[in-house]
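Report on one structure; see the data block that follows.
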Amino acid sequence: MDKATLEALKDRAFEIRCSTIREISSFGSGHIGGSMSIVEILTYLYYKEMNIDPENPKKEERDRLVVSKGHAGPAVYATLASKGFFPEEWLSTLNQGGTKLPSHCDMTKTPGVDFTGGSLGQGFSAAVGIALGQRVRKLEARTFTIIGDGESQEGQVWEAAESAGAWKLDNLFAFLDLNGQQLDGYTRDIIPQIHIPERWKSFGWDVHEINGHDFNEIEKAIEDAKLCHGMPHMIVMNTIKSYGYIPGEGIKNNHSMPITPEGAEEAIKALKEREGRA
């Protein structure tokens, strides 16, 4: 990746992070942890990879993104607003009465959302079905999906994985947000997520493992995946839950956190200082 592109993506990710923090603070609390850990992959997909059109969000030949871990909605909304799917002013209505931005992604309310997430495991199954439908209809389109490591404790994930492998859905690109945490604590203390790459390979998937906060590694994994035909693609992203919201990074209870407007600005200031943007 050339330096100009890399810097542009980093700048965009920073803006999306700040918007996500402020968005959650407008309600007073929200799913900060799992939102912040996927900002880089959302930025890359929407600004570098996916064939989408904010002016025509339902176009037939578009790529789809299914965020199966639907509680990451705040980051999805901040990205969609940044891309022009709806006015950024909507972000201040997160999870409030009459909002088009509910706590979990909802395709019936939010322009640009391709599937209603939140019932863990179901979004991933839907992504497999969407990818299969694209192939049956001979569409020049792909399906991207993001799942969580806590979510991966759902048996439905593995049933869908087995089906996608058997059907050789090479138009399906999945990203596992391996941040080591879930709602009730660390996955290692609940159901450890071990031998993840080997497990996906055993289901017939093309597997890559990366630092999920590194744009160069994201790009290489996706480009390498495109060269592999006849298999669905899993990109295991090692991430930090709440990455970029420094008061919550890596701490145990960061799935959902209270954030005041004043706290949001303090957190953004700390992030600017860490990234040399102050």
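The values are calculated or read from the model by the stated rules, or taken from the named source; none is laboratory data. Nothing here was measured: the structure is a model prediction, and the numbers come from that model. Cβ atoms come from the backbone with ideal geometry, glycine included; neighbour counts cover every protein chain shown. Note: areas computed on protein heavy atoms with side chains; ligands, DNA, RNA excluded. Shrake-Rupley method; radii C 1.70, N 1.55, O 1.52, S 1.80 Å.
You will find that of GLU223, GLU275, GLU198, GLU249, the residue that is of a type outside the set (Lys, Arg), open to solvent by 70 Å² or more (accessible area, probe 1.4 Å) and in contact with a Phe, Trp or Tyr (Cβ under 7 Å, 6 or more places away or on another chain) is GLU275 and no other. LYS10 meets the conditions (1) more than 22 Å from ILE259 (Cα to Cα); (2) without any contact (Cβ under 8 Å) to a residue 24 or more places away in the chain; (3) out of contact with any Ser or Thr (no Cβ under 8 Å at 6 or more places or on another chain) in every case but one. The failed one is (2). Checking GLN193, GLN156 one by one, the residue that is open to solvent by 10 Å² or more (accessible area, probe 1.4 Å) and touching a Gly at 6+ places or on another chain (Cβ under 7 Å) is GLN156 and no other.
Flag: SER37 does not match the condition of being surrounded by fewer than 16 Cβ atoms within 10 Å (Cβ to Cβ), under 26 Å from SER119 (Cβ atoms) and touching a residue at least 40 places away in the same chain (Cβ under 8 Å).
Counting only helices (runs of 4 or more DSSP H) that fall entirely inside the stretch 188-275 and contain at least 3 residues that are of a type in the set (A, V, I, L, M), the qualifying elements are 215-226, 261-274. Inside the stretch 217-242, residues that are under 17 Å from the mean Cα position of the chain (by Cα) and not small (Gly, Ala, Ser) make up a count of 13. Taking the criterion of being outside any strand (DSSP E or B) and open to solvent by 10 Å² or more (accessible area, probe 1.4 Å), the residues of the stretch 166-178 that qualify are ALA166, TRP167, LYS168, ASP170, ASN171.
Suppose the filter is out of contact with any Leu (no Cβ under 7 Å at 6 or more places or on another chain), more than 17 Å from GLY212 (Cα to Cα) and of a type in the set (D, E, K, R); does ASP63 pass it? For ASP63, the condition - out of contact with any Leu (no Cβ under 7 Å at 6 or more places or on another chain), more than 17 Å from GLY212 (Cα to Cα) and of a type in the set (D, E, K, R) - is met. Looking across the stretch 70-105, the residues that are over 21 Å from SER25 (Cβ atoms) and part of a loop (DSSP other than H, G, I, E, B) come down to GLY84, PHE85.
Residues checked against (1) modelled with pLDDT under 95; (2) closer than 14 Å to VAL67 by Cα; (3) surrounded by 17 or more Cβ atoms within 10 Å (Cβ to Cβ):
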| position | (1), (2), (3) |
| --- | --- |
| LYS109 | no, no, no |
| VAL113 | no, yes, yes |
| GLY118 | yes, yes, yes |
| GLY121 | yes, yes, yes |
| SER125 | no, yes, yes |
| VAL128 | no, yes, yes |
| LEU132 | no, no, yes |
| ARG137 | no, no, no |
| THR143 | no, yes, yes |
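When the stretch 45-97 is filtered for residues that are under 16 Å from GLY117 (Cα atoms), in contact with a Lys or Arg (Cβ under 9 Å, 6 or more places away or on another chain) and open to solvent by 60 Å² or more (accessible area, probe 1.4 Å), nothing remains.
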